[in-house]
Amino acid sequence: MITIALPKGRLMEETIELFNSKGLDIEIPKHSRKLFFYDKDKKYKFLIVRAQDVATYVEYNAACVGVVGLDVLREHNNNVFELLDLGIGYCKMVVAGKDVNCFSAKTKNIRVATKFVKTAKQHFVRKNINAEIVKLYGSIELAPLLGIADCIVDIVSTGQTLRDNGLEVIEEIFESTAMLIANRTSFYTNNVEIKELLDKIQ
Ligand code: PRP
């Protein structure tokens, strides 16, 4: 049996849907706070973890493989193998603000609100803009509306959150989809099981 770390929420549902469409038989347990479950054949054990923690569980070998968005993976830079782009969970990492000129008037010093501190810093260093980063944990779109930041760096999926809050995309930084990752040691010690999983879902 191999252990697979899954990110709580929308991406977990998409992953299970994908895995089931490829012949696995998995049902997310309802009405339970249990944080692990098995497929019907008990070939796989699934851990339900925060998206930001998937790669940590995999890096420390609590899970042999995991599913994580490239957006999160780039931010945390864990020491894991990237095995396969699953093609689900598509989103874009963007700079967004009230209008396209929200920081052009003061291109040398701006304030940026984000959950993705490293990604934001790297982006503005590359642009030679001195960005003060305001770390937030959610509802990032409020920051420019309340004047605590000139713009935000965040992911956009449907675009609805930006639209509903009167913000627009100023720059795209990169595109992100969900990746299947593996522990570097487990990749060799559990190679047969991992290959079997890859053959199924590819
Ligand atoms: C994410 C992201 C945006 C939103 C984008 O937030 O930070 O706010 O989704 O999705 P959309 O383009 O489909 O509207 P999340 O839902 O994870 O909530 P959070 O603000 O609490 O982090």
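The values are calculated or read from the model by the stated rules, or taken from the named source; none is laboratory data. Here the structure is a predicted model, which is why all the values come from computation and not from measurement. Neighbour counts run over all protein chains shown; Cβ positions are idealised from the backbone, glycine included.
Only a single item in (1) under 21 Å from the mean Cα position of the chain (by Cα); (2) under 26 Å from Val80 (Cβ atoms); (3) surrounded by 11 or more Cβ atoms within 10 Å (Cβ to Cβ) is not met by Ser186, and it is number (1). The strands (runs of 3 or more DSSP E) found wholly in the range 44-134 and carrying at least 2 residues that are in contact with a strand residue (DSSP E or B) (Cβ under 7 Å, 6 or more places away or on another chain) and in the same structural domain as Asp154 (by TED's automatic domain parsing) occupy 91-97, 109-114. Scanning the range 138-175 for residues that are farther than 19 Å from Lys118 by Cβ and in a strand (DSSP E or B) yields Glu168, Val169, Ile170. Scanning the range 153-164 turns up no residue that is away from the ligand (no atom under 13 Å from the Cβ) and surrounded by 12 or more Cβ atoms within 10 Å (Cβ to Cβ).
Filtered by the rule that a residue be exposed (fewer than 14 other Cβ atoms within 10 Å of the Cβ) and free of Cβ contacts under 8 Å to residues at least 24 places away in the same chain, the range 1-16 gives a lone residue, Glu13. Each residue in the range 130-152 was checked for being more than 6 Å from the ligand (Cβ to nearest atom) and either within 22 Å of Glu14 (Cβ to Cβ) or of a type in the set (Val, Ile, Thr) (or both), and 4 of them qualify. Taking first residues from the range 134-163 that are more than 22 Å from Thr177 (Cβ to Cβ) and aromatic (Phe, Trp, Tyr) and partners that are part of a loop (DSSP other than H, G, I, E, B) and at pLDDT 95 or above, the Cβ contacts under 7 Å between residues at least 6 apart in sequence or on separate chains come to Tyr137/Lys115.
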